[in-house]
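**Student:** Can you keep this structure in mind? I'll have questions shortly.
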Amino acid sequence: MALGVQWASLIPAAFLMASVPGANQILSLRNGLRKGAKIAIIAVTGRFTAFALMVIAVSLGLNAILQTSTLVFNIIKWVGVMYLGWLGIKTILSSSKEYEDEQLKGSDSQGDSLSAWHYAKQEFMVAAANPKALLLFTVFLPQFITSGTGEVGGQILVVGAVYIFIEFICATVYATVGGQLKTIGLSGRVKKNLDRITGGIMIVLAAWLSTEKSE
């Protein structure tokens, strides 16, 4: 089924795309900085749930709908822009209180579980409303499928699953870096500033996504 996939080109291109600091990777870095690598890595399950749904939808013909409906694409785009911008502003405004509460709460396991679920929902929302993610699965990945070599929908499922695995590797790196920054003894002031920089990057990414076109 996947014999028509150009693996030699797809794998390095997928690693390049997944390693670029986009909205979700910045979110993983921020989550690692705030809550540690473990929770940040668990949280990416939300992102990949959204990605899996996108891959299934594309295999069923979502790309055709997006190519013919600018309205649908624009609705998704602006929901993503507003959510990511709001998340960036919230990150900046809450940066001071976050680390004060962290020292008071300690490492309660139930709190960690609730935090992981909370951040997984954030990952899902950012991924689901990100027009770059839609373009990734509707435009970028299908380029590596050779037409006429098999059932295209099935090949998209295979290629999408491989990309999700590669993105997981890169997301783990971002989450681990964030977790290391949390644990190496940085002062509260430095952590707050890093958090504010992360929030600023989210706002910049939101502004960039607002210029994205469906074609």
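**Student:** Please go through segment 60-92 and pick out each residue that is modelled with pLDDT under 75 and among the aromatic types (Phe, Trp, Tyr). Quick ask: steps written out before the conclusion?
**Tutor:** Of the residues in segment 60-92, the ones modelled with pLDDT under 75 are 62-70, 72-73, 76.
Matches in segment 60-92: PHE73 only.
**Student:** Test each condition in (1) modelled with pLDDT of 85 or more; (2) not in a helix (DSSP H, G or I) for ILE166 and report the one that comes out false.
**Tutor:** (2)
**Student:** Do the conditions hold for LEU135, that is, is it under 30 Å from GLY199 (Cβ atoms) and assigned to a helix (DSSP H, G or I)? Give the steps one after another, and end with the answer.
**Tutor:** Working: under 30 Å from GLY199 (Cβ atoms): yes; assigned to a helix (DSSP H, G or I): yes.
For LEU135, the condition - under 30 Å from GLY199 (Cβ atoms) and assigned to a helix (DSSP H, G or I) - is met.
**Student:** Here is a follow-up. So which of GLU123, GLU151 ends up being among the acidic types (Asp, Glu) and crowded, with 20+ Cβ neighbours inside 10 Å? Don't jump to the end; show me each part of the working.
**Tutor:** Values: GLU151 fails: crowded, with 20+ Cβ neighbours inside 10 Å.
Answer to the check: GLU123.
**Student:** Quickly run through segment 169-193 and pick out the residues that are over 19 Å from the mean Cα position of the chain (by Cα) and in a helix (DSSP H, G or I).
**Tutor:** In the first step, residues of segment 169-193 are kept if they are over 19 Å from the mean Cα position of the chain (by Cα); the result is 180-193.
If the condition is that a residue be over 19 Å from the mean Cα position of the chain (by Cα) and in a helix (DSSP H, G or I), then GLN180, LEU181, LYS182, THR183, GLY188, ARG189, VAL190, LYS191, LYS192, ASN193 are the ones that fit.
**Student:** Answer yes or no as to whether THR211 is open to solvent by 40 Å² or more (accessible area, probe 1.4 Å), among the hydroxyl-bearing types (Ser, Thr, Tyr) and at pLDDT 80 or above.
**Tutor:** Values: open to solvent by 40 Å² or more (accessible area, probe 1.4 Å): yes; among the hydroxyl-bearing types (Ser, Thr, Tyr): yes; at pLDDT 80 or above: yes.
Here the answer is yes, as THR211 does meet what is asked.
**Student:** Separate question: Out of all the residues in segment 134-153, is one or more within 23 Å of GLY88 (Cα to Cα), among the small types (Gly, Ala, Ser) and at pLDDT below 90?
**Tutor:** For segment 134-153, residues within 23 Å of GLY88 (Cα to Cα), among the small types (Gly, Ala, Ser) and at pLDDT below 90: absent.
**Student:** For segment 189-207, give me each residue that is surrounded by 14 or more Cβ atoms within 10 Å (Cβ to Cβ) and either at pLDDT below 80 or not β-branched (Val, Ile, Thr) (or both).
**Tutor:** LYS191, LYS192, LEU194, ASP195, ARG196, GLY199, GLY200, MET202, LEU205, ALA206
**Student:** Counting just the residues of segment 106-123 that are more than 22 Å from ARG196 (Cα to Cα) and part of a helix (DSSP H, G or I), which one comes out modelled with the highest pLDDT? Full working, then the answer.
**Tutor:** Step one: filter segment 106-123 for residues more than 22 Å from ARG196 (Cα to Cα), giving 106-114, 117.
Next, only the ones that are part of a helix (DSSP H, G or I) stay: 109-114, 117.
Numbers: SER109: 45, GLN110: 48, GLY111: 49, ASP112: 57, SER113: 56, LEU114: 59, TRP117: 90.
Of everything passing the filter in segment 106-123, TRP117 is modelled with the highest pLDDT.
The values are calculated or read from the model by the stated rules, or taken from the named source; none is laboratory data. Predicted, not measured: the structure shown is a model, and the values here were computed from it. Note that we place each Cβ from the backbone using ideal geometry, even for glycine, and neighbour counts take in every protein chain shown. With ligands, DNA and RNA removed, areas are computed over all heavy atoms of the protein, side chains included. Shrake-Rupley method; radii C 1.70, N 1.55, O 1.52, S 1.80 Å.
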